[in-house]
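The values are calculated or read from the model by the stated rules, or taken from the named source; none is laboratory data. Note that this is a predicted model, so its numbers are computed, not measured. Counting neighbours? That spans all protein chains shown, and the Cβs are built from the backbone with ideal geometry, glycine included. Surface accessibility is based on the protein's heavy atoms, side chains included, excluding ligands, DNA and RNA. Shrake-Rupley method; radii C 1.70, N 1.55, O 1.52, S 1.80 Å.
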Amino acid sequence: MAQVGILGLGIYLPSKKFTNFDLEKMVDTSDEWIRSRTGIVERRIAAPHEKTSDLAYKAAAEALKKAKIPPEKIDLIIVGTVSPDSNFPSVACKVQKAIGAKNATAFDVSAACSGYLYALITAKQYIQTGLSRYALVIAADRFTSLIDWKDRDTCVLFGDGAGACVLGKVKSGGILADFLQAFGDQGDLMQVIAEEGRSPFNPGKTSYTKLPFVRMQGQELFKVAVNSMADAVEKVLKKAKIKKEDVDCIVPHQANDRIITAIAKKLNIPKDKIFVNIDKYGNMSAASIAVALYEAVKFKKIKKGDKVVLVAFGAGLVSAANVIKW
Ligand code: ACO
């Protein structure tokens with residue numbers, strides 16, 4: 001099997017910063033509560049004109065530039081998102097148009113906060129089987145458009161952003177192992193609730209009575225997040241035949257700093273081996289790992305030859321992990 005690796009990374013973060021102090025003016029919360037319970041200090045909010053596809057396009061453009069691959073060489077675009085601009089066209093097709101990747105096939109995957117890894121693992125198979133040569137993998141979410149901004153349980157947690165990478169064959173290293181898992185029976189722990197829409201087959205419901213919004217059972221999710229991410233790390237390392245102590249950096253989904261601390265404890269791995277940037281961005285759903293990976297490389301927490309584990313958990317419920325030799 002050909003080895004597949006990351007050839008270039010890109011991110012896009014909206015310029016508007018929204019701090020915990022800004023949130024204090026909207027709901028009954030405090031900077032102290034948010035910081036101590038989650039580690040979040042501020043998050044980014046997309047401008048009204050910025051749709052998920054705009055965030056995705058900007059991250060993709062940087063990844064292509066860094067990889068030095070022209071758009072016409074991209075033959076696959078996969079976007080992990082749960083906040084597409086509309087039901088269709090897909091965000092991936094919109095990005096295809098925006099970057100001019102006229103030779104690409106394009107589709108979205110729905111795996112919430114695990115979307116980046118689900119997309120990455122899917123794209124890797126396309127390249128290994130010869131269906132694709134260069135893939136653009138994007139994780140983009142405008143998650144703040146799914147929030148009920150009167151609900152303090154959820155509105156303090158999320159932010160908007162996008163990250164991307166170009167995947168292709170590499171001579172050595174690259175993605176060494178993958179692990180995917182789903183727990184559909186626990187899907188109601190986190191869901192987007194939408195009232196019934198317009199349909200002549202559903203009399204009495206003539207229009208959406210409320211915009212869709214996120215509801216979650218935080219404490220239950222906390223436990224599943226810790227257990228499933230720790231389990232995914234153990235399993236993917238076993239597949240890669242790498243010992244925990246030989247891992248240089250873990251890049252986890254950034255949902256809550258306390259979840260990350262609990263994973264470090266459960267795995268018996270020093271916390272300083274785990275990259276954390278939740279303080280600046282909150283939980284950006286699929287984009288969290290993509291942006292964290294970009295920053296871990298930029299801030300030299302990941303160097304050439306390092307063994308890196310990416311691990312995700314999200315609504316569905318779904319979890320995923322990779323081992324990458326950088
Ligand atoms: N500000 C102030 N007080 C608050 C807030 C707030 N924003 N939100 C809740 N509270 C209150 C509650 O009402 C409760 O008050 P009470 O004791 O008087 O009843 C108290 O704070 C404690 O609430 P808990 O829910 O017990 O707080 P907890 O310590 O569990 O933290 C949190 C809540 C941060 C949501 C935590 O459970 C968590 O992070 N869970 C995981 C969530 C998650 O990961 N979601 C996304 C996963 S999937 C994906 O990323 C798409």
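What to note about this one:
Each row is one residue, and each column tells you yes or no for (1) open to solvent by 10 Å² or more (accessible area, probe 1.4 Å); (2) free of Cβ contacts under 8 Å to residues at least 24 places away in the same chain; (3) within 13 Å of the ligand (Cβ to nearest atom).
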{"position": "SER288", "(1), (2), (3)": "no, no, yes"}
{"position": "PHE313", "(1), (2), (3)": "yes, no, yes"}
{"position": "GLY316", "(1), (2), (3)": "yes, no, yes"}
{"position": "TRP326", "(1), (2), (3)": "yes, no, no"}
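- Some residue of the range 141-162 being open to solvent by 10 Å² or more (accessible area, probe 1.4 Å), in the same structural domain as ALA63 (by TED's automatic domain parsing) and away from the ligand (no atom under 16 Å from the Cβ): no
- All conditions in (1) touching a strand residue (DSSP E or B) at 6+ places or on another chain (Cβ under 7 Å); (2) open to solvent by less than 20 Å² (accessible area, probe 1.4 Å); (3) at pLDDT 95 or above; (4) closer than 30 Å to ASP31 by Cβ hold for LEU64, with the sole exception of (4).
- Selection status of ALA106, in a strand (DSSP E or B) and either open to solvent by less than 10 Å² (accessible area, probe 1.4 Å) or over 30 Å from ILE259 (Cβ atoms) (or both): yes
- From the options LYS280, LYS243, LYS273, residue that is more than 14 Å from the ligand (Cβ to nearest atom), open to solvent by 10 Å² or more (accessible area, probe 1.4 Å) and out of contact with any Asp or Glu (no Cβ under 9 Å at 6 or more places or on another chain): LYS243
- Qualifying residue in the range 126-137 (condition: β-branched (Val, Ile, Thr), without any contact (Cβ under 8 Å) to a residue 40 or more places away in the chain, more than 16 Å from the ligand (Cβ to nearest atom) and not assigned by TED's automatic domain parsing to the domain that holds VAL308): yes
- Positions within the range 253-268 being of a type outside the set (Ser, Thr, Tyr) and away from the ligand (no atom under 11 Å from the Cβ), in sequence order: ILE263, ALA264, LYS265, LYS266, LEU267, ASN268
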